[in-house]
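Beneath this line is the structure, given in structure tokens, with notes to follow.
The values are calculated or read from the model by the stated rules, or taken from the named source; none is laboratory data. This one's a predicted model, so the numbers in the text were calculated from it and none came from an experiment. All Cβ positions, glycine included, derive from the backbone under ideal geometry; neighbour counts span all protein chains shown.
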Amino acid sequence: MLRVLVVDDDPGILQLLEATLRAFGGYEVQTARNADAALEVVAAQVEPFDGVFLDIQMPGCSGIVLCGRLRQMRGYADIPIIMLTAMSEQKYLNQAFALGASDYITKPFELNTLRMRFARERRNGRVHGINADRPHDGAQGDGSREDPRCLSEAFPVAGFERCVRKEAFENLVFQSSGLGRGLLNVRAVKLIRPDIFFSRLSARGFRHLMDDLALAVSIATESSGDLITHCGNGIFLCLGTGPSDLDPAALAVMLQSNARMQAAADRAGLSCRVAVGRQVPLAGLDRTNVLFGLEQAVTLVEEAEARADGWANYADWKDSAQSRGREQSRLEQRAYERMLRELMSGDERPDAP
């Protein structure tokens, strides 16, 4: 039996969701009319809820703020938190995802869609290893996060401002782009020669390096408010709603002034440099073409890395070439798989992963 909390100031929505989820079977539902009531319900539980549905716009404390507070609580770092919203402004959605939202559904919504989204986020949590003791902001010690097992692993960086999990990032991009909400752009930032850093540093040392790079990118995009995610292979994607304020020269200065990054670079026998790709527009694209757009952003940054890189010998060139292209291949494969599903089904299912 999955235990779910629904928070909405509309009693009609609460009654509808409670009755529907119970009718689906396998759900135990509790409800709350506002953030204060929701926190009281959460505090009274012996075990954390398995998932939470939050209305974004509520009197007093908003669902966005409540989402952030829940993510700080023990046991709520990785559970699905799905926002319910009638709001169309991208900035509010970005704020919700920056504070830990997993997905969002626009009112009025189809009830089966809600159940499917919740089930998908539950699967994502199991695949990526839920750690109930890890707070969202990464404040707990190193023992609270697993070290990366391979270079391509999209492990979550410590919860710096506007850094979100890859699955949540893709959920937001898929839905926002399809609705054509104004300008929506993505660009990529990549650590140059991540393969050498990964091979010469400890797994924990490499994770610290990527944490520091994420923080630098977050600071560099503060004025444009880009959402950031780690994709693996030393790559970060930055999602913005207008021209990005990411200045490659300013980012390079930040990296050079970071003592821990420079110490890691010294241990790896490299200088700590990044490549920055051009922005790729995503607004108005369907899910398949969004995947191709994300692939293009990665391709552009890896082309920038190739231009900035130099090889001392053939072995270096071969290692570098093999480390590139992995994320493009993954995105391209997902795009073609989706195209095949659409051809076989005859229509596009908006809730397919």
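Figure legend. Inter-residue proximity from the stretch 111-122: first residues in the same structural domain as PHE53 (by TED's automatic domain parsing), second residues crowded, with 16+ Cβ neighbours inside 10 Å and in a helix (DSSP H, G or I), beta-carbon distance below 8 Å, spacing 6+ or different chains. Indicated pairs: LEU111/LEU17; LEU114/LEU17; ARG115/LEU21; GLU121/GLU167. Of the residues that make up the stretch 32-52, is at least one touching a helix residue (DSSP H, G or I) at 6+ places or on another chain (Cβ under 6 Å), at pLDDT below 90 and surrounded by 14 or more Cβ atoms within 10 Å (Cβ to Cβ)? No, that holds for no residue.
Among the residues of the stretch 34-55, write down those that are assigned to a loop (DSSP other than H, G, I, E, B) and under 17 Å from PHE118 (Cα atoms).
First pass over the stretch 34-55, keeping only residues assigned to a loop (DSSP other than H, G, I, E, B): 34, 44-50.
Result: PRO48, PHE49, ASP50.
Of the residues examined, PHE197 is one that is farther than 24 Å from LYS91 by Cα, in contact with a strand residue (DSSP E or B) (Cβ under 7 Å, 6 or more places away or on another chain), of a type outside the set (A, V, I, L, M) and in a helix (DSSP H, G or I).
Does PHE53 satisfy being of a type in the set (A, V, I, L, M, F, W, C), more than 16 Å from the chain's Cα centre (by Cα) and farther than 19 Å from ASP36 by Cα?
no
Being under 28 Å from the mean Cα position of the chain (by Cα), surrounded by 15 or more Cβ atoms within 10 Å (Cβ to Cβ), in a strand (DSSP E or B) and touching a residue at least 40 places away in the same chain (Cβ under 8 Å) is true for just one of LEU21, LEU5. Which residue is that?
Working: LEU21 fails: in a strand (DSSP E or B).
Just a single option satisfies the conditions, and that option is LEU5.
Within the group GLY269, GLY234, GLY284, GLY225, which residue is buried (at least 20 other Cβ atoms within 10 Å of the Cβ) and among the small types (Gly, Ala, Ser)? Answer to the selection: GLY234.
Only one entry of ALA101, ALA168 meets the criterion of being at pLDDT 75 or above, surrounded by 21 or more Cβ atoms within 10 Å (Cβ to Cβ) and in a loop (DSSP other than H, G, I, E, B), and that entry is ALA101.
For the stretch 172-222, taking the residues that are farther than 18 Å from PRO243 by Cβ and among the basic types (Lys, Arg), the one that is surrounded by the most Cβ atoms within 10 Å (Cβ to Cβ) is identified as LYS190. Of all residues in the stretch 212-241, those being without any contact (Cβ under 8 Å) to a residue 60 or more places away in the chain and in contact with a strand residue (DSSP E or B) (Cβ under 9 Å, 6 or more places away or on another chain) number 11.
Being of a type outside the set (Lys, Arg), modelled with pLDDT of 75 or more and within 16 Å of the chain's Cα centre (by Cα) is a description that does not apply to PHE160. Against the test of being in the same structural domain as VAL276 (by TED's automatic domain parsing) and either farther than 23 Å from GLY284 by Cα or of a type in the set (S, T, N, Q) (or both), the options ARG207, ARG187 yield a single qualifying residue, ARG207.
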